[in-house]
Each structure stands twice: as structure tokens, then as C-alpha cells.
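Data first, discussion second: the structure below is written as C-alpha cells.
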Amino acid sequence: MLLISCPYCGARAETEFSYGGEAGIERPKDPHALSDAEWADYLFMRKNPRGLHTELWIHAQGCRRWFKVERDTVSYKITSSRELSLGASEKE
Amino acid sequence: MKKYSVVSLLRNALSYNRNWTEAWRSPAPQREYDVVIVGGGGHGLATAYYLAKEHGIRNVAVLEKGWIGGGNTGRNTTIVRSNYLWTEASLLYEKSLKLWEGLSQDLNYNVMFSQRGVYNLGHNLQDMRDIERRVAANRLNGIDAEVVTAEQIKNAVPLINTSSNVRYPILGASLQRRGGVARHDAVAWGFARAADALGVDIIQQCEVTGINRDRGRVTGVETTRGTINAKKVGVVVAGNASVLGDMAGLRLPIESHPLQALVSEPMKPVLDAVIMSNAVHGYISQSDKGELVIGAGIDAYIGYGQRGSFQTIEHTMEAIIALFPMFSRVRMLRQWGGIVDICPDACPIISKTSVDGLYFNCGWGTGGFKATPGSGWTFAHTIAQNQPHELNAPFDLRRFETGALIDEHGAAAVAH
Amino acid sequence: MQRNRLENGGRIDRSQVLHFRFNGKKLEGYRGDSLASALLANGVTVVGRSFKLHRPRGIVGSGAEEPNAIMQIGKGATTQPNLRATQVEVYDGMIARSTKGWPSVNYDISAINNVFSRALGAGFYYKTFMRPQALWRLYEKIIRKSAGFGKAPKVADPDSYEHRNAHCDVLIAGAGPAGIMAALAAGLSGARVIIADEQCEFGGSLLASTAMFDDLPATDWLDDTLAALAEMGNITMLPRSTVFGYYDHNFVTIAERCTDHRNEAERHGVRQRLWRVRAKQVVLAQGAFERPLVFCNNDRPGVMQASAVSTYLHRYAVRPGDRAVVFTNNDSAYQTAIDLLRAGATVAIVDSRPGGAGAISQSATAAGIPVLAGHIVVDVNGGKRITGVRVGKWLGEAPQVVASSMLIDCDLLAMSGGWSPAVHLHSQAGGKNVWDDELYCFVPGESTQANQSVGSGNGKWLLSDCLQEGLAAGNNAASRCGFKPCDVAVPETGSNIEASIEPLWRVPSEEDPDHCPKQFIDFQNDVCVSDVRLAVREGYRNVEHVKRYTALGFGTDQGKLGNINGMAVVAECLGKSIPDVGTTTFRPAYTPVTFGVLAGDSVGELFEPVRTTAIHEWHEAAAAPFEVVGQWHRPWYFPKKGEDLQVAVERECLATRNSLGIMDASTLGKIDVRGPDAVEFLERVYTHNIGKMKVGRCAYGILLGEDGMLMDDGVMARLGEQHFYLTTTTGGAASVLSWLESWLQTEWPELDVYLTSLTDHFSTIAVVGPNSRRLLQKIGCDIDLDKENFPFMSVKGAELGGTQVQLFRVSFSGELAFEVNIDSNNALQMWNMLIDAGQEFDITPYGTETMHVLRAEKGFVIVGQDTDGSVTPGDVGMNWLLSKDKDFLGKRSLSRPDSIRHDRKQLVGLLSVDEKTVLPEGVQIVVDPDLPQPVPMCGYISSSYFSACLGHPIALALVENGRARKGEILYAVLTDGSVVEVRIVSSIFYDAKGERQND
């Protein structure tokens, strides 16, 4: 059971959190300008890296805030846990 | 290949078992093959076998970074069934089930396929509607399926708790009598031995580090044992599909998650069927050795660590005890994890790619073992003919663009 | 009579005699005995049979490594299969049975397997039982019957289990000398410490030690130190507690056995407790296992680990044999020889090392023990108990064949092949193990989590080293947690045995390894040297393949004794070194743990919480059966005396349509949405135009996933310019709120919107039927309820019967209807008021089934029943809800090629042509049932009922291109094979114009 540090509440057991998948996937500004393939890329294609992964978690049983975690998908070590910043600039 | 039989067993016993020969060779890689299969799990070995057997393509290498059958093939809970909801899926799995039914004889290797019946339990009215729908569809597709009552389940599996006075009472189930379990390691070894006998090179401790391409066409692979050229490359590496996809510049609709399983200590026979439940989320059978073999759910996060979180094991035990309250006193001997590649529609990808001569077989999620022969058979066809067989045509990568997904979540939400 | 019990010594209480039965025979032991020590005290030699060959087996070890003494303890509901006798404390009245052997362990018919043992080598079952194919089920039945050890209980477990979460600075696994020193140091520093040990007593090897600490027996030091630890307030001491799992982020699991050791009548409270510990630092002090030596017939009863013999002598005051031979390749077993001699046995030492032992050799010789250095035991005599050993000269090289030159008469062989640290937890934590070329064992490599390995578990064989290392680790762990390390005196241990070792992996035999009698590596699974050699010969060269092909290490002891020897034999076959062959990865559990303790108290009623509405008690009093919907229990129908589901539902439907029905709709999800950007936010997620909605109006709204598929639906009410109120499906309440929150926080943080779940705060009572308005007027409503002032799809705050409510004029039945949203505290009172006042209208409570019928008559879909995640709004005729003026979630997906396919399945009504058959829900629809399989299917029935109002069955179905096929006859194929003719009709069966709900 992972130990996840909520930027708002501190370190808590994984059971208090829910996973939200890859971070930084920005919803296209104008979906209808995209081809089917481009839309499919947004919908379904994922980095799914073996190694460092930036991902979203929500402190579902706590403050219910989403935040961003950098975690190694092999060692499961968490290297950072940050709040989401405002604006699209934060989105990789 | 020396034939295995009771006669050969006795004859070799007389010579103190000294005359048994290798089940498969361990050759050094050649410089070039017609087809290189990346991944020496059950699916990869089956692909190589059917390439050789069905399509006469024998200049084939199977490259395995560790030891064959060491990934999900050797880590799953060995359930085999074909009672899927959608026609596309059920016909694919049924092809596989038909191959299972003669596999020991075909491979001359006893894979211990045991057709003891698979029950998918229903715990509420919607479950029962879904069961009715799936069974009705299965029957029209020529797949054996029945809707059974709680009482019928109790008669077949006396220890199961069918009391109506429990949190999620059992209202009924679907039953596929031809479903069952098999010996997972034997499937890898049996395919390896049979493929080797047809000339396939099985090369272990050979990790693919790059996929070579020239003008949109695959030319071979880089490996820890040097460059291996190939006219065609088939990638079938389960949890690591995205990693290999990345090497060829492909983006895949896949996430790799930990899936855990566990066994109890071996006991005398107490359970002669496979029991699966979506609602309470657990599934269980008893191996020939006597261990209760239990599958847990997937962990929510991406994980390549071949291990998951402990609470997933706890929840699984809760579910098993809800179904079998007496198993509370049975002990877990060992737990482990694998890496499953999950597709958005819980169905696999068996497909050509945007790179000529490069084929991917992945996305089996939690249920790939049952598909081993069928997956290999259709993938071999796809590689040999450079076009999918009609059975796997719906499982093309392009379905994510068109939207023609085959949503098996209803039938496959629970790991299996 | 306990023939092997010593008169003095041991940590047993001779004043407490315990009576127990073993295989039906009455025996006696003492408080403090393990079942194994009690059996040995009583002279029991055969305790089990092996898995495959059914060879008679005796006790080999004294702890978690024991492969043979696998017992069924107790009977009935509380029986426990597969316990190791070495880990079971004897209690008065215990009933123990061997788990193998028929008709008995002493005379086992299946021992005939021995005769064919050469044909039953590794993996034999993969090579046979294939023909005739039809017989496999029979073969399998026989295989299954002969496999397995104990029996599962047949009835539900009456005991209870619990979980406890704990945090600590330092967790110490193992309370031997190293672990205790670590606890002492960390405890004195002020750190919060948990120390756990699987045995009933702390002390580990000290419990059987003859060592002197500062000139006093080590056990005196042990007692004093444990007393000191118990005095400290910051140390939690957990005996009978196995640290069985080490997971990510220093999460460690401990199974505590609270009552198993008590007499059955004295077992109260929780049987076992799972400690879920998050530790800042972990000290692993689990000790080491003594390896067996691999010689011919080394599995015969009477062959034991040397250290186990010492344990039985000192801890339990049991002498397992009278005439002993000690066979060793290292120094540690010399102490066992001396111990045996002191206990009155005759003893000789066979030492494989041509040079013999170090200093301790002189002690042995001085005591009069004959030492045969440069000799090996090549075979033993005797079947159910050894009668002697055959010994040969050996020069230290490794020829395959050595002739025996003498026979030594004995009834006990104490063997020591060296030691293997228990690296299990270190490995589970992700650490690698590395081969030590001097110690000839794997030792823990670098730690990948916050842990340290100490003591013999770290390859430290000297007691003084164990104590020093424990101290250092305790201090180190404490200081890493911010505590000040402290100075603790380490007792002087005097001279120690140094276990200098010369490797002897496979003992040469009198014939070559393929011809000689069996040399066992894994006792429990009957894996012999010949099996491993066969596996390698057949190409199973990777150690994982060898293990899986031979089953080496897959027993209930998980190879604690055999794994290293097995790897060594593989290495010999391949001409490789042991570390080149590979290492073993260890998975939890260290030793087996019950399913019960893993589940804790989340069983039975507590398996998952039941949610009930504020009006639940009324439904119960009305004897309504409940439908399980997600976590909720909802009333299904309200039968009057003698009514079944069908009769009750018909009555409820008619009463509602004709006069007045009432339903508890409180389980609907309710979400309050406020903020300056509420309109903008909802525009982005809902498909209809939000901006155009007037305050006080309601709209039906749907949510799509980004894949364009229908995800949830409900009513949206605009309560103010910046204030909305949403309802969701019962099952979707939590997920819809999370979904909305995720978009707000991760994608559109610039929107100023607040979401609040009100599902539990408000209850919803639906008052339905032509008399619903009259009922509300009767109990007093402060707003005008007529059609003009409060039209269909309106919402208003109102005082109803003296209570403030939010009144909605919405309808899921097609009737004139109102939904009363009320503070849950007042809901039951309101319900009662409505019921009482409604008597004059024959008010009829109805449940989910009638709700389903009424909505199906109107063609309203239920998301999750009539949709399945592959249904677009267009499929169910909801394109009118899709705004053309804006984007919304999922809209882009609706123009993908598959979404605009003309032959998509569409929602239609279906009627049985015979006007009688109520079709089962789920049944598939075909154009021609006589086509060969696979028969093409064009749809399926999602909802189906008998409509009392219409007097015939109705069904909703999803049928390919269904809307264009009205009037067409198709066929429903039931799961029993029967076929029913059906006709496609409109999905709206009742009041197509909607006049009733608009009234």
C-alpha cells in the first residue's frame, strides 16, 4: 500500500486516494477541428512509460483535491507530489 | 522430437531417465529470420508454432528477455472460457477454446486442460439480466452456455454460500461447462517444444532494445545479443507493449497495471468448478495440486513492478469469504503479481501497424491466458498473410479511430 | 509415557500436563511444548507421508522450515488444515492428525508409488495421461484425490478477526538476540518501537542456547532484558506474531495469533489480528535456517537438522534419539554433538571436511566424542526409522561415487549443511540478495527501502556479532528517525562457535547420481537430485524452469530448507557457480496466513456497508422485499397479504395510474452547483443549452463520456442565476460528482464553481398520479400548484404540511407527479403525513419494480439497464437533447465513423405477437432463428414487463436500425431454445402525447 503525500493534507495511505491516470493530457480546444485519428489519440493513446510517470491522484477520502504525482512505475517510488497550478502552462 | 507417452516414460525409467532429450534447443541467434517474434510467453510461442505448422514459415525466432513463460503465462490463474458477450470476442475466444480441447494431443504435451465448468455469478437483478443476455448470445454463437439457479450452483459446489441472507446473495449464474483451467507452465513449454521441433529458434535471455525500420518498413531488431534482421516482426509482450511500441514510434491505447493473484496451501479437493463473481469481485478454483487459486482485481495505478498493493489482496479475501465462509481458516501460501496491458474496451489488439511488417498483439488485459492458442493462431495468420483473419479483423488498432470498440467491460470487469 | 523426555531442564512447565490426541492415540505433553516436541517426547517417529511418493516422514526441523510434520488440528468448524507441528503449541484436548497416509501414516497404500518412482520423475505428468483423450477427466480425478494435504472446514468459520493500523519509528522483525538488542537500543533512545516474533516466546536461538552472557546463562540475560523492554512505555511487544509481508513504502504486515494456543474452551475474543504497520525504519532480524545435507535416503525419519536437535534438547527437554550421529560440513553442529552427549546419548561426528573443525573439535574430542573428519554419510539404513548410517571416506574433492567403509548403528542423524539467512523480507522489500563466497550463502544486498538486516539473517553467525549488529542497527534506525542513539552495554558472550564451512552440496553416493537411492532436496514435494538433473537434461535450465518443472520450493515450506541445495545441484549440472544460476525472489507470505486475518472484520454484514434511506424503517414495517442497487437496499414492491411480485406490481401500477402512488426516491444522487461560472461549467458537460433555462425550471439532462457514450442522466433544476441542482442515477451519484470535480479541478480551474453532494442530506418522495396535486393541497401547500403557476418541469421552494421543502414537478412515470425534496431528518414524518392523508385516494406505496414498469410504458430509459456503455444518445432517440450551438464532453466522438453508422442498434418497443409472453430481459433478437450458428443477432431486449394498464406484455429493445423497422416481425430466442415472434413498435406505449404528466 503506497504512502502518498497530499500537498494539502500531508502523507496518507493509498486507500484514501483515487488514481486519475496520466497528467497533462489537455482537452483539445476545438475537438471538431481534429481528425478522427487525432481525437483518438487524445481519447485513448497513453504514454504508459516504464519508469517516471506524471500522474493525477485525488485525495478522495480527504480534501477531495486533485494533485500531480511523479512516480516511478517500476520501483513505485514517488519523487514529487505537487498541487495543480492554474492555467494551461502547467500542462506538459 | 521424441514422443511422450506412457511407453516412453517406462522405457526411460528403465534407463534411469538418462536418455531424455531436450524439450527445446537453446541455439545462438542467427543473423536473420523470416519472422522474429518478440516475447516468449504462451502467446509468442503459440504464434511461432502456428506460423510453422499452419503457414510453413519455419525460419522463425522467438526472442525472450528472461525465461520463456516467465511473464503473465506463469503468473495467471489459468481460467479458460469463451462465454464473452459480443460476437466478435466470443468467436475469437471460442476459436481458442476449440484449440484447447485438442491441445495436449496436438502438442504431445499434457497441458492438463480440465473442463470442469466456469460459473459467473449474478448477485442482483441487473447481473441476472446481463447473464441472460450473454448466455442468449453465446448459444446463438454456438457456444455452450446455460443460466443456472442458485440451487443448481449449490448442488454442484456444495460449499458455496447461497443463503439469501447475505450482503450480496447469489441469485444465479451463467455456466459454461466446457470452460475450466489448465496448467499454465505446461502451455509455454508444450508450445516451445512443438515449435522447436518444427525448426523455430527459441532464444532466451535476449532482450529487444530497438526495432529497426527503413522507409516505413521493419528490418529487424536490436537485442542484448546483437542485431537480428527480420522480414517481419511480431510483438507480443503483454505488459510491456507500450515500451516496445515506443521503440517503433507507435502510440498505443494501453495502460499497464499490476494484477495480483494468490494460492492457498494445498488441500484435499473441495472445489470442482471455477467460480467467478463480478459483484463481490473475486474468482477461485482449485488446482490439481490442491491449492485454491484466487485472482484479485487490478490495482488502479500503472505499475510495471509485478506487484500491487496489499489492500487489493484484503478485498479479494473478503470476497472469497463472502462466497465461501469456511475458507476463512484456509491459509494463503503465496501471493504475486503480473503486469497486464489494459485496453479501453477490455478487448485485445491483434493488428498490423503503421510500420510495414510490424505486427502487435497486446491488450489482453486480465484474460489473456485463455486466449493463448487462439491468439497465436490468429496472429500467425495475420503475420503470414499480412492481413488479419476474419476472427481478429475486428481487433484492429484502427477501431480506436472509428469508434468501433468491442466493449467487454460487462463481461470482463472482473479480472479473469 | 514420554520416553524421550529429559528429567530436567527446558522451558516447559512439567506441572501442567496437557492431554492431546495424535492420529487417535492419547498422548501427554507439557505447557510450553510444541506439538512437534510433544510428539518427539512420546517417541513418535512417523508423522506424515510425502506428497508424491508417500514415503514415511519424521520431524526434521523445529520451526517455520519444517517440511514434513503437516497437521490437521482440531475438528468441525474450527479445524485448521496444514499447520506445522513445529509451530503449534500443544493445548489440553488438542486433536491432531497427519494429513497424508491412508489408511494410516504408518501403513500407507500409496507408498506403492515408490516402486514406480523412476517413472514418476520430474514432470512425468506432462508426458502422459494424454490418450485416450476422454479418460483425462478420470486421470485428473485420481491425481487430484491423491494430491493435497489437509482438509478445509466444511462450515462457516465461527471465529472473528480484526485489523489494526499502526505507525512506528522502528519495526523489528524477529526477537532473537539481534532483534532484542535493536529493540533495546531504539527503545532507550525514545523511538516508538514494535518488535514482533512468530514464536510464543521472545528469544529466538537464545531459547535453546547454552551460551553464557557475562558468566550467567544467556536465558537469564534474556529474561532481564525482556523485562526491561516491557517496562518501557514506547515498545509494543508482539509474540506469536509473524511479520509475513513487506510492501512498498515501508508498509509491513504482521499476523498475530491471539487464541490458537489456548484450550478450546478458553478461546475468547479475536482469533487473529492483522497489524498493518507503516514503519519509518525496519530492522530485519529473522535469523537463519540450517540447511540439510543431500545424501541418499536423507528423508528417513530420524534424520534431523542439528540445530533442531539442540532446540529439542534445551528448549523442550526432549532427546529425539539415543544413539546419534552428527553429520556436518561446518562447526556449528559440534555443539549439538556435545549437547547430545550431555543429555545421555551416545554420539559420533562425521565431518566432511578433511581438516575437521576448529577449536570446538577439541571440546568434542575431550568429551569423548569420536570425530570422523574427512568422512561423509553416503546412505542410511532403515525405513520408518533409521537404524544406521553408511559412512565413507572422502578427500574433499567431489567424485560422484564414494564407497562406504563402515556402518554406524544409530537412531538419530543430526545434519548440518551450513546456514542460509532468512532473507525473505529483505527480498520482498525489493532488495537483492548477494552470494557470499566465504559463508556459502546468500546474504541481503543493498536495501531499497528503509531497512537494515542484522544478526544471522545477515550472515553473522557469532552471537557477539549478532548482539553488536543489533545494537548498531537499533541506534541507527532511531537516529534516522531523529532520536539520539544511546550507549547500551553488550554482554560478554565468551567463546563462540565459528561456523567455518566447506561446501558439500550433493553428498557423493555409492552409485552414480542417476542410479543411487533418492537424495532429497525438497522433502515435502519429493524433489530429488535425480529430478533436478532430469530437468536440466531436458532443457529446463533456468532455475525458475527447474523449480516449476520439478516443483522444488513450491511446498508449504516454500523451500526454506531446499532451495539453496537445489540451486547448487543445478549449478553442478550446468558447471556454473550458484550465483550464476540465479537468485530466488521471495513473495509474501513468509509463512502462510489465514484468509480470515487478511479479510479482518470485513466479512458477513460488514463485507460492505448497506445504505438505506431515511424512510427505510417504514418499508421494513410494511414487509417490503428489498432490491440491492449498488450499496443501497431499495424497496422492490409492497406486497399485501398473499401477493407475489406480479400481483403486487400490477396493483401498484393500476393504483398509481388511476389515483395515487407514492415512492421513496431518496437514493437518487443530488448535487448542488453554485458559482458565477455555474452556467458555463454545465454547458461544457451537459448536452443541452443551459443558458436558456429560466430560474425555477427543470430540464432532463444527460452526461456523455468523452467517447460519446451515455454515462448518466437526471433532472437539472435552475434554482437561481448561479445556482443549479442536479440529480443523478442511484448508482451514478458518487461517480458523477467525482467526474464533475475532476473536470473542474484539472481542466477548467479558471471556472468559479462549487459542487456539493446533497444525496444524504435530502430525501425525495415522489407523489404520483392523478390525485397527487389534491394530496399536496390537502396537507397544505403554500404555493399554487395548478398547471399555470406550477407547470410540468418546474421547481419551487414551498411549505408543505408545515415543513419547508423543495418541490419539483417532474415525472418518471408519465403521470401528474411531484417530487418532494426534504431534509432527511423530516422525511419519515412527511412520508407518514402523506400516507395518512392519502388514504382517501387509496394511496399506494410502490417500489423499484413498479417504477420500472411505469417508466417503460412511457419508453423512458434507465441508464445501465437500457444502455451498456456502448450506446449513444442517438441510439436511444435523444438527439433532440444535443445542442448544435456549443461543444460538450463527448460531442466529437458522435461524429466518428462508427457513431454515424446507419445500422447502429436503436431503442424500440417490442410486443410479443401472441400478446401473452413476457420475454426474459437480456434475450437476443434475430431475423431468422433457423440460420446455422453463429446466428446473426440484430438486437436484444433490455427491459420487459407485463403492463397491467395496457393488459399485455411490453418490452424495450435495442435493435439494429430499429426505428426504421417498425412493424417488422423478428424473433426472440430464449436461453432454453424456444423462439417467440415479436413485432417492433414505438418505444412509447402509453400516453404518447404526454397529456397526463402535463396536466
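For the reader, a short list of remarks on this structure follows.
- Those residues of the stretch C:688-710 which are crowded, with 19+ Cβ neighbours inside 10 Å and within 14 Å of chain A (Cβ to nearest Cβ), in sequence order: C:L704, C:D707, C:G708, C:M709
- Residue satisfying all of: in the stretch C:306-357; over 40 Å from the mean Cα position of the chain (by Cα) and of a type in the set (K, R); farthest from C:I386 (Cα to Cα) among these: C:R353
- Checklist (1) open to solvent by less than 20 Å² (accessible area, probe 1.4 Å); (2) within 14 Å of chain A (Cβ to nearest Cβ) applied to C:V820, failing item: (2)
- Residues of the stretch B:47-74 satisfying the condition of being of a type in the set (D, E, K, R) and surrounded by fewer than 22 Cβ atoms within 10 Å (Cβ to Cβ): B:K53, B:E54, B:R58, B:K65
- Restricted to the stretch C:931-973, the set of strands (runs of 3 or more DSSP E) holding at least 2 residues that are modelled with pLDDT of 95 or more and farther than 26 Å from B:N138 by Cα comprises C:939-947.
- Of the helices (runs of 4 or more DSSP H) lying entirely inside the stretch C:271-369, those containing at least 3 residues that are buried (at least 24 other Cβ atoms within 10 Å of the Cβ) are C:306-314, C:332-342.
- Residue count, the stretch B:2-25 (criterion: facing chain C (nearest Cβ under 7 Å), under 19 Å from B:L107 (Cβ atoms) and open to solvent by 70 Å² or more (accessible area, probe 1.4 Å)): 2
Residues are listed down the side, and each one gets a yes or a no for (1) closer than 28 Å to C:G287 by Cβ; (2) part of a loop (DSSP other than H, G, I, E, B); (3) at pLDDT below 95:
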position: C:E28; (1), (2), (3): no, no, no
position: C:S37; (1), (2), (3): yes, no, no
position: C:L40; (1), (2), (3): yes, no, no
position: C:G43; (1), (2), (3): no, yes, no
position: C:V60; (1), (2), (3): yes, yes, no
position: C:G63; (1), (2), (3): yes, yes, no
position: C:M71; (1), (2), (3): yes, no, no
position: C:Y125; (1), (2), (3): no, no, yes
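- Single match in C:R31, C:R49 (criterion: on the phi < 0 side of the Ramachandran plot and surrounded by fewer than 22 Cβ atoms within 10 Å (Cβ to Cβ)): C:R31
- C:G575 vs. criteria small (G, A, S), farther than 30 Å from C:M830 by Cα, away from every other protein chain (no Cβ under 13 Å) and without any contact (Cβ under 8 Å) to a residue 24 or more places away in the chain: yes
- Test: residue in the stretch C:387-397 that is at pLDDT 95 or above, of a type in the set (A, V, I, L, M), open to solvent by less than 40 Å² (accessible area, probe 1.4 Å) and in contact with a Cys (Cβ under 7 Å, 6 or more places away or on another chain): yes
- Looking across the stretch B:381-392, the residues that are under 26 Å from B:Y33 (Cα atoms) and either open to solvent by 10 Å² or more (accessible area, probe 1.4 Å) or modelled with pLDDT under 95 (or both) come down to B:H381, B:A384, B:Q385, B:N386, B:Q387, B:P388, B:H389.
- Failed item in (1) crowded, with 23+ Cβ neighbours inside 10 Å; (2) hydrophobic (A, V, I, L, M, F, W, C); (3) in contact with a Ser or Thr (Cβ under 6 Å, 6 or more places away or on another chain), with C:M663 passing the rest: (3)
- Residues that are open to solvent by less than 10 Å² (accessible area, probe 1.4 Å) and more than 11 Å from chain A (Cβ to nearest Cβ), drawn from the stretch B:238-267: B:A248, B:Q260, B:A261, B:L262, B:V263, B:S264, B:E265, B:P266, B:M267
- Boolean, C:F554 is at the interface with another protein chain (Cβ under 9 Å from one of its Cβ atoms), surrounded by fewer than 24 Cβ atoms within 10 Å (Cβ to Cβ), of a type in the set (F, W, Y) and in a loop (DSSP other than H, G, I, E, B): yes
- Qualifying residue in the stretch C:598-616 (condition: open to solvent by less than 50 Å² (accessible area, probe 1.4 Å), within 30 Å of C:Q199 (Cα to Cα), at the interface with another protein chain (Cβ under 8 Å from one of its Cβ atoms) and in contact with a Phe, Trp or Tyr (Cβ under 6 Å, 6 or more places away or on another chain)): yes
- Residues of the stretch C:661-693 that turn out to be touching a Lys or Arg at 6+ places or on another chain (Cβ under 7 Å) and without any contact (Cβ under 8 Å) to a residue 60 or more places away in the chain, as a count: 1
- Selection of the stretch A:13-42 for residues being touching a helix residue (DSSP H, G or I) at 6+ places or on another chain (Cβ under 7 Å), open to solvent by 30 Å² or more (accessible area, probe 1.4 Å) and assigned to a helix (DSSP H, G or I) yields A:T15, A:H32, A:D36, A:A37.
Okay, residues lined up against (1) touching a Leu at 6+ places or on another chain (Cβ under 6 Å); (2) within 8 Å of chain C (Cβ to nearest Cβ); (3) open to solvent by 10 Å² or more (accessible area, probe 1.4 Å):
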{"residue": "B:P269", "(1), (2), (3)": "no, yes, yes"}
{"residue": "B:M276", "(1), (2), (3)": "no, no, no"}
{"residue": "B:K289", "(1), (2), (3)": "no, yes, yes"}
{"residue": "B:G295", "(1), (2), (3)": "no, no, no"}
{"residue": "B:Q306", "(1), (2), (3)": "no, no, yes"}
{"residue": "B:L323", "(1), (2), (3)": "no, no, no"}
{"residue": "B:F327", "(1), (2), (3)": "no, yes, no"}
{"residue": "B:R331", "(1), (2), (3)": "no, yes, yes"}
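- Of all the numbered requirements in (1) of a type in the set (G, A, S); (2) assigned to a loop (DSSP other than H, G, I, E, B); (3) more than 8 Å from chain C (Cβ to nearest Cβ), B:A52 misses one, and that requirement is (2).
- Residue in the stretch B:367-380 that is part of a loop (DSSP other than H, G, I, E, B), open to solvent by less than 30 Å² (accessible area, probe 1.4 Å), within 27 Å of C:S893 (Cβ to Cβ) and at pLDDT below 95 present: yes
- Helices (runs of 4 or more DSSP H) wholly inside the stretch B:149-257 that include at least 2 residues being farther than 30 Å from B:A28 by Cβ: B:150-156
- Subset of the stretch C:111-124 (residues that are facing chain B (nearest Cβ under 8 Å) and surrounded by fewer than 18 Cβ atoms within 10 Å (Cβ to Cβ)): C:F116
The values are calculated or read from the model by the stated rules, or taken from the named source; none is laboratory data. This one's a predicted model, so the numbers in the text were calculated from it and none came from an experiment. So basically every Cβ, Gly included, is an ideal-geometry build from the backbone, and we count neighbours across all protein chains shown. Ligands, DNA and RNA are excluded from the accessible area calculation, which covers all protein heavy atoms including side chains. Shrake-Rupley method; radii C 1.70, N 1.55, O 1.52, S 1.80 Å.
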